[in-house]
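Structure record follows, encoded as structure tokens.
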Amino acid sequence: MGLKGMFVRCLRAPAIVALIFSSVVAGCASASQAAGTTAAGAASASRTLASVTLPTEEKAAAGGVFGRVLVNPAVTVTADGLFVAWQVNPATASVPQFELARVNQATGAIEASHRFSPGYLGPPLAAGHWLWVTTSPGSKGESLLRLNPASLAVSGNLSVVGASYTGAGAGNRLAIAAGALWVTGGDRLLRVSLTSGRVLAAITLRGAFASDIAANSAGTVLVVGEAANTGLGAVQRRNPVTGALLASRTTAGVTAPEVGGVIDSGVWASVPTGMLGYVERFTVARMTPEAATDVGGTNGIRATVADGVVWITDGTGGAGRNYCANPVTGRRLATIPLPNLNQDYLLAVSPRSLYYEAVAINGSYVRTVKVPAACTGS
């Protein structure tokens, strides 16, 4: 799975956007997709994904991605394989443009790819025989795209109206709970059918400027992180069928708390506060913070649940803030074995491999290293 972190890591520690995804944003698709974009957004529960057949993009390049210098790379491991995204326009561009590729997990060879119109890209989620991804040009609203996981051709596009801006942070926009796809869009929370693409429910997150979402593996617990543009936010447990609010805990941060994952009876979240940040476990029942699990760091510190453990990452935190831990107690299990823990950054976790970003001239390399035995969750 991708580390809670963004499919667009534009800012690292002292800022907030990177392997994160917390605010939500505007619809974006390629020019050939524009005709299929719904204009009114998700206000109506009768809205469905427009069926659009688009040509498959040419493969990015021969030889794979592991040997290439990439700008702002992001990695996500799904049931449909390994997906890598990278920025194709200059890193200084006001709005980034991304390419997404499905690659061979061992060699990095590109098996299919798709280049999107300029906009921020969320981490893909495989569900219902489709690959789902959100994209935004960096203003109000965003688009939910449905892709063929084999060819990466876009077959549907749904506009999600929400008052937020992706550049203020980035985290997960998608989660599966109670047999449906849940999508956050700033102040919007949508329940979407995995078969028809129809919006089954639309909930307003009143006053929210940014939002983030996660669910447990069974799909029985749904957690939303949201924040107003005043900097006050909350971690919320919501009904996985109706989206109704069940429990909430206020947080203080510059953007929505990023929900790193739900496991056992707790949820891990990271809270960027401006100059610094922290990660902490909250109880699912009442969203009560567990002080013993609190770990402070930079704005870039993250906690991500993957393969039965929680991964604490902070790009400049060295061995002290880059490790795997017990997902209930937060007890440290092992240091993440990256060559330079003050510079390298963990991007994604698979059962056998860790995918990380290694700094290069004018960009970064995506590299792999074996998962430490102590981090296997067994």
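The values are calculated or read from the model by the stated rules, or taken from the named source; none is laboratory data. None of these values were measured; they are calculated from a predicted model. Cβ coordinates were reconstructed from backbone atoms using ideal geometry, including for glycine residues, and neighbour counts include every protein chain displayed.
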When you check L190 against the structure, is it in a strand (DSSP E or B), of a type in the set (A, V, I, L, M, F, W, C), within 26 Å of T135 (Cβ to Cβ) and touching a residue at least 60 places away in the same chain (Cβ under 8 Å), yes or no? yes
Only one residue in L181, L152, L125 is touching a strand residue (DSSP E or B) at 6+ places or on another chain (Cβ under 8 Å), at positive phi and modelled with pLDDT of 95 or more, so which one is that? L152
Given the condition in contact (Cβ under 8 Å) with a residue 40 or more places away in the chain, surrounded by fewer than 23 Cβ atoms within 10 Å (Cβ to Cβ), at negative phi and not small (G, A, S), answer yes or no: does some residue in the range 335-347 qualify? no
The condition of being surrounded by 24 or more Cβ atoms within 10 Å (Cβ to Cβ) and closer than 26 Å to A348 by Cα holds, among V254, V284, V235, V295, only for V235
Which number in (1) surrounded by fewer than 20 Cβ atoms within 10 Å (Cβ to Cβ); (2) at pLDDT below 95; (3) among the acidic types (D, E) marks the one condition that E290 misses? (2)
Looking for something closer than 19 Å to V366 by Cα, in a loop (DSSP other than H, G, I, E, B) and either modelled with pLDDT under 90 or acidic (D, E) (or both) - is there at least one such residue anywhere in the range 66-75? yes
Do we have G308 as surrounded by 23 or more Cβ atoms within 10 Å (Cβ to Cβ), touching a residue at least 60 places away in the same chain (Cβ under 8 Å) and at positive phi here? no
A106 versus (1) under 19 Å from the mean Cα position of the chain (by Cα); (2) surrounded by fewer than 19 Cβ atoms within 10 Å (Cβ to Cβ); (3) of a type outside the set (S, T, N, Q); (4) modelled with pLDDT under 90: which is the lone unmet condition? (1)
In the range 274-286, the residues that are among the aliphatic types (A, V, I, L, M), assigned to a strand (DSSP E or B) and at pLDDT below 95: L276
Which of the residues that make up the range 227-264 are within 25 Å of L200 (Cα to Cα), in contact (Cβ under 8 Å) with a residue 60 or more places away in the chain and not in a strand (DSSP E or B)? P240, V241, G243, A256
Just a yes or no: is a residue in the range 119-132 over 22 Å from G197 (Cα atoms) and either without any contact (Cβ under 8 Å) to a residue 12 or more places away in the chain or in a loop (DSSP other than H, G, I, E, B) (or both)? yes
Hey, among V271, V267, which residue is touching a strand residue (DSSP E or B) at 6+ places or on another chain (Cβ under 9 Å), modelled with pLDDT under 95, surrounded by 15 or more Cβ atoms within 10 Å (Cβ to Cβ) and part of a strand (DSSP E or B)? V271
